Every structure is written in structure tokens, then in C-alpha cells.
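The values are calculated or read from the model by the stated rules, or taken from the named source; none is laboratory data. Since this is a predicted model, take the numbers as computed values, not measurements. A quick note on method: Cβ atoms are made from the backbone with ideal geometry, for glycine too, and the neighbour counts reach across all protein chains shown.
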Amino acid sequence: MEEKIKNFFIWIGVIVFYLTSQLIMPSILDRFNITNQYISNTCLVLSDIIVVTLLIIFYKKDFKKDHDDLNNGYKDKLKITIKIWLIGLIAMIISNNIINLFTASGIASNESINRTVLEELTLYAIPTMVIFGPICEEIIFRLSLKKIFSNKYLYVILSALLFGGAHVLGTSGIELLYIIPYGALGAAFAYIYVKTKNIICPILAHMIHNFICILLILFL
């Protein structure tokens, strides 16, 4: 029990660290009135690299163990990862399209924000959404959270709710229902971690998912 309480406070600390880190660089850019797009993009990317590096160093034992585990046999884990992700993706698409019918914009606010960032800060948005974001989110919502709960079903449910909730923050009314499609994807990533016992698997699934979404936004 003491270990779980300790891991709970570590999880809270990781969240605080991540959220704080996301405010520092934009504040610096605003403070010095830096508006040049290339400088802004570069600074934001460097900031994310530092944050991701520190988080990986903090959980280096887990990443080393899981890296070695993949080297010893990745094919079965890859099959499990793709299968569960596809199920989560289908659930996300179906629920998302149903909810879109009842919203004024026909799109989730989080997705709208991502599209705006992708248009205005492309050089920053692509590596962040495809690489840095998935790593940070999987550490927060999967790796560190799993250390608190022994019951895998409770863990998957809470991971899904927290992941989905984080993507609908600041919304109200009917848009709160978007917690369902985001939660479905979060549950898939959490279950991938449960089945493979390897955090690299949901990270890769998350990266692939975001990469496909970006391609669809840019070209469709």
C-alpha cells in the first residue's frame, strides 16, 4: 500500500511537471515578444525534447527493460498492438461520427485546436503530435498510472476516462460526449499495455495513430 501511495504522488508530480513545462516556453516567447515562426517552432520543439528526455530518464529502468523485451521477440507484441489499436480506432470513429451529428461545429474542440496549431506552427506541431506528445501521454496515462493499480480492469477504465477527460477539458454541453471516442482510444492503449506489459507498444500505436490523423488533416 505504501508503494502505491508513493506511486500516486509520483504520478501527480509527473502531471504537474508536464503541465508546467508546457507553459514555460510559450511564456518566454511571449515575454520577449518573439513572433518569428521559425524561432518559435525551434524553441518549442527544443522544449519538448528536453521534457521527453527528462521523463524517459526518470523511467529509464522501465524503458530499458521494455526495450530489451522487444529485442527478444517483437512479432507477437506487434500483432497484439495492431489488433487492439484497430478495435479502439473503430470504436472511436463510430462514436465520434455519431456525436458529430449533434454538435454545431461537427468536430471536437480538441481536434479543431490541433488543426489550428498544425496550420500555424507546422514545424512544431508535427514532431510534437507524432513523437513527443504520444511519449508524454503514454508515460502519464499508462506507465505511471499502472504502477498505482493492481486490478487491470480498473486501470483500463480509469486510464480511458482520464485520457478522454484530458482531451475535452474546457468544453461543455454536448461536446463533453467526445470523452467517449477519446476514451475508447485511451482504453485501447491501456489494454495494449496490459497485454504486452511493454510501454513501447502503446507509444508506437499512439504515434502511428497521430501520424495517420495528421496525414488526413494535411491532405484531405
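The table that follows gives values for the structure above.
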{"read-out": "Leading residue by the ranking (surrounded by the most Cβ atoms within 10 Å (Cβ to Cβ)) among those in region 100-123 that are of a type in the set (Ser, Thr, Tyr) and more than 17 Å from the chain's Cα centre (by Cα)", "value": "Thr103"}
{"read-out": "Given (1) under 18 Å from the mean Cα position of the chain (by Cα); (2) surrounded by fewer than 16 Cβ atoms within 10 Å (Cβ to Cβ), number of the condition Asn97 does not satisfy", "value": "(1)"}
{"read-out": "Cross-chain or 6+ apart pairs with Cβ under 8 Å, region 28-47 first and within 10 Å of Tyr124 (Cα to Cα), then among the hydrophobic types (A, V, I, L, M, F, W, C) and outside any helix (DSSP H, G or I)", "value": "Gln37/Leu121; Ser40/Ile34; Ser40/Leu121; Asn41/Leu121; Cys43/Ile34; Leu44/Leu121"}
{"read-out": "Residues located in region 184-197, provided they are surrounded by fewer than 22 Cβ atoms within 10 Å (Cβ to Cβ) and not β-branched (Val, Ile, Thr)", "value": "Lys195, Lys197"}
{"read-out": "Residue that is nearest to Asn7 (Cα to Cα), among those in region 146-183 that are crowded, with 23+ Cβ neighbours inside 10 Å and touching a residue at least 60 places away in the same chain (Cβ under 8 Å)", "value": "Tyr182"}
{"read-out": "Selected residue [among the charged types (D, E, K, R) and surrounded by 12 or more Cβ atoms within 10 Å (Cβ to Cβ)] from Asp66, Asp30", "value": "Asp66"}
{"read-out": "Residues of region 143-178 that turn out to be part of a loop (DSSP other than H, G, I, E, B) and at positive phi, as a count", "value": "1"}
{"read-out": "Residue count, region 179-220 (criterion: farther than 20 Å from Asn114 by Cα and part of a loop (DSSP other than H, G, I, E, B))", "value": "3"}
{"read-out": "Test for Ala205: is it modelled with pLDDT of 95 or more, surrounded by 18 or more Cβ atoms within 10 Å (Cβ to Cβ), of a type in the set (Gly, Ala, Ser) and within 23 Å of Ala125 (Cβ to Cβ)", "value": "yes"}
